Amino acid sequence: MVFWPLSVYCQTPLGDAVAVWHMKDAADSTGHGNVLAIKGKPEFIPLLAKDAAESRLRGGDGIAAKLSAGDYFSAGQGANDSLNFSGQALSICIRLQVPSGKWDFPILAKHGGHDNLAYNVYSSADRIGCEFGTTKNRNLMAASVPFAELLPAGEGAATWHDVVCRIDGAKLEMFVDGRCVDEEFMMGDLRQNNQSLLIGAESYSEGNIKSGFDGLIDHIAIWDRALSEDEIIVLSGGRKKADLRERTDRGIAGESLQYWRPPNNYYVGDCLPYYQDGVFHFAYLLDKGHHGAKGGFGAHQWAQATSTDLKNWTHQPFILPITDQWEGSICTGSVFYHDDVYYAFYATRAIPDCPAPDGKKYSGEYVGYATSMDGIHFTKQTPNPLVVLPHDQGYSRAGRDPVVFQDERDGLFHMYITSNYKGSGCWAHLTSKDLKKWDLQLPVLSGGGDPECPDWFKWGDTYYLIINWGNGYYRTAKTPVGPWEKPETPDILMPGPPRVPKTAAYHDGRRIICGWTNENGFGGHAVFHELIRYEDGTLGEKFVPEMIPEMEKPVLEVQNIGAKENEFAGLPENYRLQMTITFDAKKINQLAPWEMIYHRDASNKVKLRLNPAEKTLFLGPTKLTQVDFSNGTMTFDMIVKNGIVDLCIDDKRTATALIPAFPVRELIMENKSTGEYTIKSLVVSPLK
C-alpha cells in the first residue's frame, strides 16, 4: 500500500475523499483500505512529460492505468461498506483519456440493473454520461454531454478529460474539464445496493459483467460530500486550464442570442428581460427536456446573459438556481430595481411532500424573492414563501408569475400575481410600502382563463400591461393601475410560436420584447423584436437592427416580375429574404389571395399568404388580422434560421412560425388571377 504525503492533499480536495486511486498500483492513496482487485492485465505506466505535469497539477502522480480488452478493477463494497453511499451528497472525480477517440464502454459503476443501480459513469459512441439511483426520483438521475461539445473543438473524444459528478441534495451536476455541461434534479436520498464498485466495467448481476474500457485512467476519487465549484476547478487544472464557460455558453465568439438556444438538452423558456445602467439583461427560464425535468415539475432555473450592444453577450451564473428539493421549478417572475437593489420576484412550484424553508408543505406555486447589488449575483430571501393567497377569501389556487411596479404618485408598490378568484382567472393584486410586507387588494382582470405572466411598463405618457394568453395581448392606461383599455389597432405582440413575451427598456428610449418558440410543448429558441410606440400610444413591432444575422452574397436577385407563377429552387438552409410587392390599392376588395410557398414536404405546404380583401396575412399557421394593404406596396423582410421563420412587414408588424422537418428548399409563387401583383424586387441571401 502506498501512502501519499499530506502536502499532496492540502493542495487539492483529495484529503478528505472516501477513496483515491492514483493508478500507480491498486492501492487506495487515502489509507482507508479501499484496495482494488485487479482483473485482467492492466498496465501501470508513467505518462509522458506534458501529461504527467498535467496530472500533478490536479494532485495526481503522473502515472496512469492502461486498460484494454477485458481489463478492469473491483473495489467491492469498499472497506467497512464505505463505497455504499446513503444520504444526499456524493462527488466522483475521474481523469481519463481514450486516445483512439472511440468510446462505448463502462467507466465506473455500482450497477446491478437500472432498478437497483447506485451510481454509474459510462460512455456511448457519441457522449459521456452518468446516472444515479435515488429513493424518490421516478427514473434515474442522469446527465450527459456529446463529445462534439467538449473542448478542444474537434478533439473532444480523444483528449484528456476531467469528469466530476456532484450531488448536493438538490441536484446532480456533471462537470467536464471544469464546466457544468448537464444536470438533473434530486428527490429523496441516494440508493444503496450490494453490487461491487467496478472500474472499467459494470455488473448487472453476479457473474454478468460487461467490460471493454480501452484507454488511460490517471486517477479516481470519491467523496461523501458535494465538492465546491472552486474545488472542481482545482481538480480540472486550475483557472488557467479549466473550461470556465457557463453551461449556457457554446463558446462561439460573437454568437448572437437571436434564434438561439443553449447547448445539449437545454432550451429557452419564459423570458424575463431587464435593463439597468446601460446593460441589457436577458434573463430566462432554463428548460431541460421541454418541461420534463423533475418528474414533469419542470425544474426551471433563472439563467441570464448580458450585453451592452445586443451583439456581444456574456453568459452569467444563475440568477435563481434550484437549491432545495421542495423547489419543483423556479417559475416566471420579474426583476425590479429600487434604491440600488435588484429584487427578483419569482414563484416556486412546490413539491407537495417536501417542506419549504418555513417548515410547511405546499402544493402549487408560491411567490418568493431574491436580492442582488449588481444584477448578477442574487441571494434568496426569507420568508419563503413570501406570499400565500388565502383560500378562505376566494382564491382557489396559489399565485405565480409576479410583476412588481411602483406608483410614482404615492410611492406605493404593487404586485400582480396570476391566480384564480371565485372560479375565474385573475391577477391577484397586492400592495406594499417596503417590498417585503404585502397587503392583499381586490383582484385585477378577473374573468375568463388565467392571465399568465403579466408585464407592466411605462413608455412615454402611457402605461402598458401585457397579458399572456398564449400570445401576448397588451392593454393601455393613463395611470399606473388602470383602468386598462384595449387599443383599436391590433393588440397582439409577437404573434406566432413565440410565447410569454415580456419587455425591457433599452437605451435612447427604445424597448425590446423577448419570447420563446413553442417546440414540443414548452421551451425552444429565443426570439427578440423591437417595439415601436406611435404618437397615440399604440404599439408596433419590428426586427432589432443589431440582431439581424449577417449575410453572404445573394444567391437570388429578381426585379419587376409578375407574381402569378414563379418558382426558385436551391434555397440555402438559413437565409434572409427581402421582397417588395405591389398591387392596385383601389381594387383591394377584388384582389385574389397571393401565396408564396417557402417550405414543403411530403405532407404539407407552408406559405406566406396575403388576402387584401379580408385584410389578413398568414405565415404558416400564424394569422395576422387588420393588415394594412392601403398603400398598394408592401415590404417583407423574412429570416429563416434554426427552423424558425421570422417576418417583418413594412417595418411595423411581425409574425413568426416554425418550419417542419425535411424541407424542400424552394420558393413557389402562386396566384389565381393574372397581373394583379408585381414583385418589384426579391433578394435571397444566405446567412453567415
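Computed quantities for the displayed model
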| quantity | calculated |
| --- | --- |
| One residue from 579, 596 being touching a Leu at 6+ places or on another chain (Cβ under 6 Å), under 25 Å from residue 679 (Cβ atoms) and modelled with pLDDT of 95 or more | 579 |
| Hits in segment 528-582 - residues which are closer than 30 Å to residue 507 by Cβ and among the aromatic types (Phe, Trp, Tyr) | 528, 534, 543 |
| Exclusive hit being within 23 Å of the chain's Cα centre (by Cα) and either more than 15 Å from residue 271 (Cβ to Cβ) or small (Gly, Ala, Ser) (or both), set 521, 540, 482 | 521 |
| Test set (1) under 26 Å from residue 427 (Cβ atoms); (2) of a type in the set (Asp, Glu); (3) in contact (Cβ under 8 Å) with a residue 60 or more places away in the chain - residue 365 fails condition number | (3) |
| Index of the failed condition, residue 409 passing every other in (1) of a type outside the set (S, T, N, Q); (2) farther than 22 Å from residue 381 by Cβ; (3) in contact with a strand residue (DSSP E or B) (Cβ under 7 Å, 6 or more places away or on another chain); (4) modelled with pLDDT of 95 or more | (3) |
| Whichever residue in segment 98-125 is of a type in the set (A, V, I, L, M) and assigned to a loop (DSSP other than H, G, I, E, B) and, among such residues, is surrounded by the fewest Cβ atoms within 10 Å (Cβ to Cβ) | 125 |
| Meets criteria (within 20 Å of residue 628 (Cα to Cα), surrounded by fewer than 18 Cβ atoms within 10 Å (Cβ to Cβ) and basic (Lys, Arg)) for residue 478 | no |
| Candidate set from segment 394-410 (those that are surrounded by 15 or more Cβ atoms within 10 Å (Cβ to Cβ) and touching a residue at least 60 places away in the same chain (Cβ under 8 Å)); member that is farthest from residue 272 (Cα to Cα) | 406 |
| Matching residues in segment 25-79 - criterion: being β-branched (Val, Ile, Thr) and either in contact with a Phe, Trp or Tyr (Cβ under 9 Å, 6 or more places away or on another chain) or farther than 20 Å from residue 160 by Cβ (or both) | 30, 35, 38, 63 |
| Residue among 387, 444 that alone is out of contact with any Ser or Thr (no Cβ under 8 Å at 6 or more places or on another chain), within 26 Å of residue 287 (Cβ to Cβ) and either free of Cβ contacts under 8 Å to residues at least 12 places away in the same chain or crowded, with 19+ Cβ neighbours inside 10 Å (or both) | 387 |
| Residue within segment 227-239 that is touching a strand residue (DSSP E or B) at 6+ places or on another chain (Cβ under 8 Å) and closer than 18 Å to residue 131 by Cα present | yes |
| Residue in segment 224-244 that is more than 24 Å from residue 14 (Cα to Cα) and either without any contact (Cβ under 8 Å) to a residue 40 or more places away in the chain or of a type in the set (Lys, Arg) (or both) present | no |
| Residue list for segment 571-594, filter: assigned to a loop (DSSP other than H, G, I, E, B) and charged (D, E, K, R) | 573, 584 |
| Failed condition for residue 486, given (1) in contact (Cβ under 8 Å) with a residue 60 or more places away in the chain; (2) more than 20 Å from residue 365 (Cβ to Cβ) | (1) |
| Residue ID - surrounded by the fewest Cβ atoms within 10 Å (Cβ to Cβ), chosen from residues in segment 56-78 that are hydroxyl-bearing (Ser, Thr, Tyr) and in contact with a Leu (Cβ under 7 Å, 6 or more places away or on another chain) | 74 |
| Strands (runs of 3 or more DSSP E) within segment 625-684 that include 1 or more residues at pLDDT below 85 and touching a Phe, Trp or Tyr at 6+ places or on another chain (Cβ under 9 Å) | 666-671 |
| Residues of segment 473-504 that turn out to be within 15 Å of residue 653 (Cα to Cα), among the hydrophobic types (A, V, I, L, M, F, W, C) and assigned to a loop (DSSP other than H, G, I, E, B), as a count | 1 |
| Flag if residue 133 is under 20 Å from residue 247 (Cβ atoms) and at pLDDT 95 or above | no |
| Residue 42 being at pLDDT 95 or above, more than 15 Å from residue 221 (Cβ to Cβ) and not aliphatic (A, V, I, L, M) | yes |
| Pair list, Cβ < 9 Å and 6+ apart or interchain, from segment 117-142 residues that are over 25 Å from residue 297 (Cβ atoms) to residues that are among the hydroxyl-bearing types (Ser, Thr, Tyr) | 122/144; 124/144; 127/144; 128/122; 128/144 |
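Rundown of residues vs (1) over 26 Å from the mean Cα position of the chain (by Cα); (2) of a type in the set (Ser, Thr, Tyr); (3) not assigned by TED's automatic domain parsing to the domain that holds residue 321; (4) not in a loop (DSSP other than H, G, I, E, B), yes/no style:
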residue	(1), (2), (3), (4)
216	yes, no, yes, yes
240	yes, no, yes, no
249	no, no, yes, no
256	no, yes, yes, no
259	no, yes, yes, no
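Per-residue answers, yes or no, for (1) buried (at least 16 other Cβ atoms within 10 Å of the Cβ); (2) in contact with a Leu (Cβ under 7 Å, 6 or more places away or on another chain); (3) of a type outside the set (Phe, Trp, Tyr):
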site	(1), (2), (3)
208	no, no, yes
211	yes, no, yes
216	yes, yes, yes
220	yes, yes, yes
226	yes, no, yes
255	no, no, yes
264	yes, no, yes
286	yes, no, yes
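The values are calculated or read from the model by the stated rules, or taken from the named source; none is laboratory data. What you see is a predicted model; the values in this text were computed from it and never measured. All Cβ positions, glycine included, derive from the backbone under ideal geometry; neighbour counts span all protein chains shown.
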